[in-house]
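Asks: I have a structure I would like to understand better, so I am pasting it below and will then ask my questions one at a time.
The values are calculated or read from the model by the stated rules, or taken from the named source; none is laboratory data. Everything numeric here is computed off the predicted structure, so don't read it as measured data. Using ideal geometry, Cβ is built from the backbone for each residue, glycine included, and neighbour counts are taken over all protein chains shown. Heads up: the accessible areas ignore ligands, DNA and RNA and are worked out on the full protein's heavy atoms, side chains in. Shrake-Rupley method; radii C 1.70, N 1.55, O 1.52, S 1.80 Å.
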Amino acid sequence: MVDRNALASQGSAKIVMKKVVIAVVSVLVVLVAATFGAGWYMLDYALTPPADRSDMVKRYNRMYAEYPYMRQWVDSMKTAKALRDTFVTMPDGERHHAVYARNDSAAGRTAILVHGYTDSHAAMLPIAKVYADMGYNILLPDLYAHGLSDGDEIQMGWNDREDVLRWIGVADSLFAGVAGRPQIVLHGVSMGAATVMNVSGERLPASVKCFVEDCGYTSVWDEFACQLDEQFGLPPFPVLYAASALCKLRYGWTFGEASPVRQLARKETPMLFIHGSSDDYVPSWMVFPLYNANPVHPVHGGTYHHFNDIWITLGCAHARSFHDYPAEYARRVERFVGEFIH
């Protein structure tokens, strides 16, 4: 005989189990949706360029407020038509902008200076003047989605490396003269430093002789993890994982892939590392794995030459080393670069 009570009990248990499964699945769906929603928000928050990115009057005035002496120098350069604009059409059809100045005594010596996150070429003009005073040609690009260059999203120095490689070609053409092919130093600050470190791991033309990186990060993953904790008090999991996956879907690269420290392991070109001891935006500890990623390189005869140098600027916050120690900054840059560019 069938026990109706048992059947009813089993039926009730199945209904309860079904409701539990539905509830669990619903919660998981909500959590996944919330995680990817947060990841989408983070991606837009981090990679959307500022609305005033092309307001050059505002950006120059911001630079003049920090470095008042620069106004007279820039005005004199523009009056003499020495500081010029140039636009280059990239393979995807977008136009990218740079300013440059030719120095008649440069004999091919050239500095390409790369700005930081949400900045423009204007922010690099004070350091560009250091090189101009050293007798160098200067070229200051606006990175993709910055300044007067086209673009819709900030690339954190990763895909930017391809654009900077093209700017190296532009410099070769702009500054080639009777002295032959230019001798080039790439100098970047913050995201610009990450950019030049990423460039250093690529196959480079012979004209590139050395690099200077100032307060760059080890990887986009490390930098965003720090900012996620600093600004929102959140751990990397799960939001950073979701944002990185969405970045791959939308833009073709992940936060972990965009890794200057891995690029440095492949470099064969000298580099000076500069970082403020009080930097908490790109934490000071990051400079040490960067510096140690590729400290030596074999040269002829089986001996080894130390290709890197490092300067930790005491008490400096993020991207303030030049501002706080301008004379020492210029001296160290000139000494280091002068070892490789003559």
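Asks: So T118 passes all but one of these: (1) open to solvent by 30 Å² or more (accessible area, probe 1.4 Å); (2) part of a helix (DSSP H, G or I); (3) within 27 Å of D44 (Cα to Cα). Which condition number does it fail?
Replies: Result: T118 fails condition (2) only.
Asks: Follow-up. Mind telling me which of the residues R181, R161 ends up being among the charged types (D, E, K, R) and modelled with pLDDT under 95? Talk me through it step by step, then tell me what you get.
Replies: Details: R161 fails: modelled with pLDDT under 95.
Exactly one of R181, R161 is among the charged types (D, E, K, R) and modelled with pLDDT under 95, namely R181.
Asks: Right, another one. Name, by its number, the condition in (1) in contact with a helix residue (DSSP H, G or I) (Cβ under 8 Å, 6 or more places away or on another chain); (2) outside any strand (DSSP E or B) that does not hold for G188.
Replies: If we test G188 against (1) in contact with a helix residue (DSSP H, G or I) (Cβ under 8 Å, 6 or more places away or on another chain); (2) outside any strand (DSSP E or B), just (2) comes out false.
Asks: Something else about it: Hey, any hits in the stretch 174-182 for a residue that's in contact with an Asp or Glu (Cβ under 7 Å, 6 or more places away or on another chain), within 18 Å of F255 (Cβ to Cβ) and open to solvent by less than 10 Å² (accessible area, probe 1.4 Å)?
Replies: Of the stretch 174-182, the ones in contact with an Asp or Glu (Cβ under 7 Å, 6 or more places away or on another chain) are 181-182.
Of the ones still in play, those that are also within 18 Å of F255 (Cβ to Cβ) are none.
No: the stretch 174-182 contains no residue that is in contact with an Asp or Glu (Cβ under 7 Å, 6 or more places away or on another chain), within 18 Å of F255 (Cβ to Cβ) and open to solvent by less than 10 Å² (accessible area, probe 1.4 Å).
Asks: Find all pairs meeting these conditions: Cβ atoms under 8 angstrom apart; at least six residues apart or on different chains; first residue within the stretch 215-240 and over 20 Å from Q155 (Cβ atoms); second residue of a type in the set (D, E, K, R).
Replies: Filtered contacts from the stretch 215-240: E230/D280; P235/D229.
Asks: Conditions first: (1) in a helix (DSSP H, G or I); (2) within 14 Å of the chain's Cα centre (by Cα). Y217 passes all but one, so which condition is the exception?
Replies: Among (1) in a helix (DSSP H, G or I); (2) within 14 Å of the chain's Cα centre (by Cα), the lone unmet condition for Y217 is (1).
Asks: Same structure, new question: Hey, any hits in the stretch 259-278 for a residue that's without any contact (Cβ under 8 Å) to a residue 40 or more places away in the chain, surrounded by fewer than 16 Cβ atoms within 10 Å (Cβ to Cβ) and part of a helix (DSSP H, G or I)?
Replies: So far as the stretch 259-278 goes, no, none of its residues is without any contact (Cβ under 8 Å) to a residue 40 or more places away in the chain, surrounded by fewer than 16 Cβ atoms within 10 Å (Cβ to Cβ) and part of a helix (DSSP H, G or I).
Asks: When the residues of the stretch 305-326 are narrowed to those that are among the hydrophobic types (A, V, I, L, M, F, W, C) and modelled with pLDDT of 95 or more, which ends up most open to solvent (accessible area, probe 1.4 Å)?
Replies: At the first step, the residues of the stretch 305-326 found to be among the hydrophobic types (A, V, I, L, M, F, W, C) are 307, 310-312, 314, 316-317, 319, 322.
After this cut, where a residue has to be modelled with pLDDT of 95 or more as well, the list is 310-312, 314, 316-317, 319, 322.
On the way: I310: 46, W311: 25, I312: 70, L314: 137, C316: 0, A317: 45, A319: 43, F322: 15 Å².
Applying the filter and picking the extreme gives L314.
Asks: Please go through the stretch 315-341 and pick out each residue that is among the acidic types (D, E), more than 21 Å from G116 (Cα to Cα) and assigned to a helix (DSSP H, G or I).
Replies: Residues of the stretch 315-341 that are among the acidic types (D, E), as a first pass: 324, 328, 334, 339.
With more than 21 Å from G116 (Cα to Cα) added as a condition, the list becomes 328, 334, 339.
Correct list: E328, E334.
Asks: Do we have any residue at all in the stretch 93-103 that's at pLDDT 95 or above, charged (D, E, K, R) and exposed (fewer than 15 other Cβ atoms within 10 Å of the Cβ)?
Replies: yes
Asks: K129 is checked against (1) open to solvent by 30 Å² or more (accessible area, probe 1.4 Å); (2) assigned to a loop (DSSP other than H, G, I, E, B) and fails just one. What number does that condition carry?
Replies: K129 satisfies all of (1) open to solvent by 30 Å² or more (accessible area, probe 1.4 Å); (2) assigned to a loop (DSSP other than H, G, I, E, B) except (2).
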